[in-house]
1. Show me, for segment 219-225, the HN-Hα J-couplings you get by feeding each phi into the Karplus relation (A = 6.51, B = -1.76, C = 1.60, θ = phi - 60°), rounded to Hz, glycine and proline as x.
2. When a/c is below 1.5 the answer is rounded, else prolate if a/b is larger than b/c, else oblate, so apply that to segment 3-87 with a ≥ b ≥ c taken from the square roots of the Cα gyration tensor eigenvalues.
3. What are the residues whose amide H is under 5 Å from the amide H of Gly156, where those residues sit 5 or more places off or on another chain and H is modelled from the backbone?
4. Helix-derived [θ] at 222 nm for the chain: sum -39500 (n - 2.57) over DSSP H runs of at least 4, divide by residue count, nearest 500?
5. Report the label-to-label distance for Val32 and Trp148 in nanometres (one decimal), using points 7 Å from each Cα along the Cα→Cβ vector.
6. Kindly put Val125, Val19 in sequence by how many other C-beta atoms sit within 10 Å of each C-beta, fewest to most.
7. Among [x] -0.64, -1.09; [y] -0.65, -1.21; [z] -0.88, -1.20, only one was calculated for this model; which label is it, if the read-out is log10 I(q)/I(0) by the Debye sum over Cα atoms at q = 0.11, 0.15 Å⁻¹?
8. Relative contact order of segment 79-253: what whole-number percent is it, with Cα pairs under 8 angstrom and at least 6 residues apart?
Amino acid sequence: MIRSLPRSGAYTALYRIYVGAFFVFLFAPLGVTCLLAFNDSPFPSLPWYGFTLDWFTSAGPERIGILHDAHNLRSIRVSAHTAFWVALLSTTVGTCGAFLFEQEKFPGKEALYLLMLAPLVIPGVILGISILLAANTAGLFIEERLGWDVGLLRPGFWLVVLGQFSFITTFVTLVVSARLKKFDRSLEEAAMNLGANRMQVIRHITLPFLRPAIISSAAVAFLMSFENFNTTLFLVGPQPTLPINLYLQVRDGSTPVINAISLLLIMGTAALALTSLLLSREDR
């Protein structure tokens, strides 16, 4: 909508209806899910039977709340542990990649940049299957030729970390690169003229400038890893992450504890996003 152009009353009304309908479509399912987390019903759906906190606090035997559900709590810990390592590795490598593509010149730079973008356009299902087949093939080859059993190449925690790292790093690189494009290189040149070496310039000038982008990309990398399903489904081992665990429960039938978990995830995601936004504003 171009604000400078004259607008009729009908146009303004339709525009407001469209915006309102868009946000209702976006948030209504989340609101219903959060509401049903307090529904006194053995089924995670309508109708409404009354208010209860059992799906959060009940210790059994008839109902098990999320705070006493060892199976779901274990999957939350696995997802958090996975997301921590993925965010740490992706932020570190992605930041280095941003420096490589924005401040260095070398043969084949454009081809390497396009190769870096490939995981973003490859469907997560295909990416997960490809990593699984490659890891299994490499594991069998090493075991047959050298007699070594490489656990890293079997479906499990570190293979999930590797699979998520393969595409989340690209996102971090793009975010940090966008911030680095706005950096005034004359600041680095002035510092080096005053006697600072390259590492001191990066530590005291460049990285503080990049801090908002690094913090934001790390937070988003953590969330992307925590909720990833498509790629993780093919790489997970005997300890499933939370999205895989929820999928199995929904498929086999479950209780409103799923809604309770969803409410906690929405609150946690909102808190992390708000914290990242506040830190970025403070840095600016």
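1. Result, ordered by residue: 5, 5, 4, 4, 5, 4, 5 Hz.
2. It is oblate, given that a/c is not under 1.5 and a/b is not larger than b/c.
3. Here the answer is Gly237, since their amide H atoms fall under 5 Å of that of Gly156.
4. -24000 deg cm²/dmol
5. Placing both labels 7 Å beyond Cα along the Cβ direction yields 5.3 nm.
6. Val19, Val125
7. The value matching this structure is [z].
8. Relative contact order of segment 79-253: 40 percent.
Laboratory data are not the source of any read-out in this text; all were calculated from the coordinates shown. Note that the coordinates shown come from a computational prediction; the quantities given were computed from them, not determined experimentally. Because the Cβ atoms are built from the backbone with ideal geometry, glycine has one as well, and the counts that use them run over all protein chains shown.
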